[in-house]
Amino acid sequence: ILNRQKIDRSNLHTCLVSSVIINLNVSFRRTQSLHGPSPVTTFGPKACMLQNPHAVMHIQDPASQRLTWNKPPKSVLVIKKIRDATLLQPFKELCIFLTEVKNMIVYVEKKVLEDPAISGDENFGAITKKFCTFREDLDDISNRVDFIICLGGDGTLLYASSLFQESVPPVMAFHLGSLGFLTPFKFDTYQSQVTQIIEGNAAIVLRSRLKVRVLKENWEKKARVDEKGIILTNGDIENSRKVVQYQVLNEVVVDRGPSSYLSNVDLFLDGHLITTVQGDGVIVSTPTGSTAYAVAAGASMIHPNVPAIMITPICPHSLSFRPIVVPAGVELKIMLSRDARNTAWVSFDGRKRQEICHGDSITITTSCFPVPSICFRDPVNDWFESLAQCLHWNVRKKQNYLSSEDEEF
């Protein structure tokens with residue numbers, strides 16, 4: 001049970017399962033929830049917690065979250081890393097299998113088919129004619145795709161997330177890139193694995209996203225022109241606001257950009273100023289993003305089932321500024337400090353980089369539209385497997401055994 005305060009969270013539970021049903025299967029039931037036991041709400045003989053039904057959300061035990069379908073899936077979005085020759089053959093094999101064997105409607109981004117290695121393949125041309133194509137930021141496919149298959153590295157999963165600003169279909173990610181922390185499936189046995197997903201037999205982990213709202217104060221001068229056509233600079237000032245919204249899976253990064261000065265930004269939590277960040281910048285990340293840029297900046301690694309937001313400074317000009325973890329229900333706001341010597345820059349999952357000026361603000365909350373990522377085994381085993389295989393977590397030469405003779409010395 002989480003106490004959510006500032007945002008409208010009444011429909012959060014339904015949003016979590018809008019595109020896919022989470023099935024509680026008795027055979028996979030654990031004796032203990034990953035979220036821990038429900039806390040007792042009576043304290044001593046007379047004290048108790050005030051009950052507020054509008055601020056309470058019930059979350060199913062993550063260990064029992066399994067995929068099922070309302071209706072058999074008919075369409076699939078295949079995302080392939082662009083301009084990677086090593087993925088051409090797996091991409092073609094998968095698409096042939098989906099269209100010819102499984103009779104699925106396959107969606108592919110238009111620029112993928114513009115690759116000469118694909119457009120010039122006459123044998124594969126008959127298959128591509130059956131594809132449905134789309135263009136990023138121009139075509140809406142949110143209600144057309146039943147599930148997603150990613151071929152590549154972690155970037156393909158981040159890209160898949162960016163295509164859906166609300167409900168996200170289940171994502172199956174194959175490890176065909178460099179790191180592969182978020183891609184648990186190997187392509188060798190793709191036919192049996194894809195068939196298993198289509199039949200609705202798999203565990204999933206709900207990877208929380210950040211809902212980011214960028215408000216820009218654009219001060220524009222209305223230039224006045226005299227009788228001779230000369231433009232006068234002392235025009236009237238008009239205030240125009242621009243608001244842009246993003247769904248972020250990994251992190252929001254605010255940094256100093258090309259400036260040589262320290263970044264100087266104010267950080268608010270639920271409307272209260274908690275600190276001013278002076279350094280190279282600050283990272284606001286999800287638990288999924290805790291193993292990306294944040295861990296490189298000294299943050300802890302958090303399991304994706306933990307409801308939290310991480311705040312990690314980048315090279316802070318203070319020995320006591322350590323990374324912190326705050327509840328998932330808070331509202332964060334980042335603004336340029338009044339006495340900042342330069343502007344700041346912000347990026348979202350490494351994309352959409354833009355400048356932040358005085359008066360602009362970045363508001364960050366937990367989104368009610370997570371990414372349902374399909375697990376190879378289960379959320380716990382997959383995560384520790386990735387820590388060991390991809391990040392070589394706690395890899396060390398083992399200490400030699402100490403014999404009884406050595407103990408005497």
- prompt: Taking region 332-377 only, how many residues are farther than 28 Å from residue 169 by Cβ, among the charged types (D, E, K, R), part of a loop (DSSP other than H, G, I, E, B) and touching a strand residue (DSSP E or B) at 6+ places or on another chain (Cβ under 6 Å)?
  reply: 1
message: Restricting to region 308-320, name every residue that is in contact with a strand residue (DSSP E or B) (Cβ under 6 Å, 6 or more places away or on another chain) and on the phi < 0 side of the Ramachandran plot.
response: 308, 309, 310, 311, 312, 313, 314, 316, 317
- line: Those residues of region 248-263 that are at pLDDT 95 or above and part of a strand (DSSP E or B) come to a total of 6
- request: Kindly indicate which of 312, 275 is open to solvent by 20 Å² or more (accessible area, probe 1.4 Å), hydroxyl-bearing (Ser, Thr, Tyr) and under 23 Å from residue 361 (Cβ atoms).
  value: 275
message: Restricting to region 228-247, count the residues that are of a type in the set (Ser, Thr, Tyr) and modelled with pLDDT of 95 or more.
response: 1
message: I'd like the full set of residues that are among the hydroxyl-bearing types (Ser, Thr, Tyr) and in contact (Cβ under 8 Å) with a residue 60 or more places away in the chain, limited to region 111-159.
response: 156, 159
query: Looking at this structure, is residue 130 within 26 Å of residue 207 (Cβ to Cβ), of a type in the set (Lys, Arg) and open to solvent by 70 Å² or more (accessible area, probe 1.4 Å)?
result: no
- line: When every residue in region 378-409 that is outside any helix (DSSP H, G or I) and acidic (Asp, Glu) is compared, the one modelled with the lowest pLDDT is 408
- prompt: Based on what the data block shows, is residue 274 under 26 Å from residue 352 (Cα atoms), aliphatic (A, V, I, L, M) and at pLDDT 95 or above?
  reply: no
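The values are calculated or read from the model by the stated rules, or taken from the named source; none is laboratory data. Values in this document were obtained by computation on a predicted structure and should not be read as measured data. Neighbour counts run over all protein chains shown; Cβ positions are idealised from the backbone, glycine included. The area values use the complete protein model at the heavy-atom level, side chains included, leaving out ligands, DNA and RNA. Shrake-Rupley method; radii C 1.70, N 1.55, O 1.52, S 1.80 Å.
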